[in-house]
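Here's the structure we're looking at; comments come further down.
Every number here is computed from the coordinates shown, using simple stated rules; none is lab data. These figures come from a predicted structure and were not determined experimentally. Cβ placement follows ideal geometry from the backbone for every residue including glycine, while neighbour counts extend to all protein chains displayed.
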Amino acid sequence: MPKVKIKKGDQVVVLTGKDKGKKGEVLKVLPKENRAVVQGVNTIKRHTKPTQSQAGGIVEREASIHISNLAFVDPKTGEPTRIGYKFLDDNRKVRVARRSGEVIDA
């Protein structure tokens with residue numbers, strides 16, 4: 001199983017599919033399935049029954065999308081980039097944007 005380098009809260013862009021080019025924030029990562037839920041991407045409609053807490057009707061929500069169809073957005077340029085890892089001087093392991101060399105989570 002490949003390592004999932006995208007985390008919750010990251011800004012990503014969709015590379016393929018019906019939502020190609022859309023940018024959004026990762027709301028949830030499902031590492032066992034290699035999928036992620038991105039805000040405003042891959043929206044589906046679900047017909048829900050009314051409950052005590054909420055009314056019934058058609059609810060639109062985000063479905064998961066495969067990790068391979070997402071790319072991290074470079075914080076410096078705003079373009080899609082791959083993610084690498086690097087050790088800082090104080091022996092902390094941080095993620096690095098491959099395109100610009102910018103440290104992602106310092």
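Phi angles across segment 96-103 convert, under the Karplus curve 6.51 cos²θ - 1.76 cosθ + 1.60 with θ = phi - 60°, into 3J(HN,Hα) values of 10, 6, 5, 5, 10, x, 6, 6 Hz, Gly and Pro given as x. Among the listed options [x] 2, 12, 19, 19, 17, 11, 8, 5, 4, 2, 1, 0; [y] 2, 11, 14, 16, 19, 15, 13, 8, 3, 0; [z] 2, 8, 6, 6, 6, 6, 5, 5, 5, 5, 5, 4, 4, 4, 4, 3, 3, 3, 3, 2, 2, 2, 2, 1, 1, 1, 1, 1, 0, 0, 0, the one matching P(r) over Cα pairs in 5 Å bins from 0, in percent as calculated from these coordinates is [x]. The alpha carbon centroids of segment 16-33 and segment 44-89 are separated by 4 Å. Note on the chain: GNM, Cα springs under 10 Å; of V94, V41, V12, the largest mean-square fluctuation is that of V94.
Taking a straight Cα-Cα cut-off under 15 Å and skipping sequence neighbours fewer than 8 places away in the same chain, the aspartates and glutamates within cross-link reach of K7 are E25, E33, D74, D105. In a simple Cβ point-charge model (Lys, Arg +1; Asp, Glu -1; nothing else charged), the chain has a dipole of about 340 debye relative to its Cα centre. Among K5/K49; K18/K93; K20/K76, which pairs are too far apart, with a Cα-Cα distance over 32 Å? Long pairs (Cα-Cα over 32 Å): K5/K49; K18/K93.
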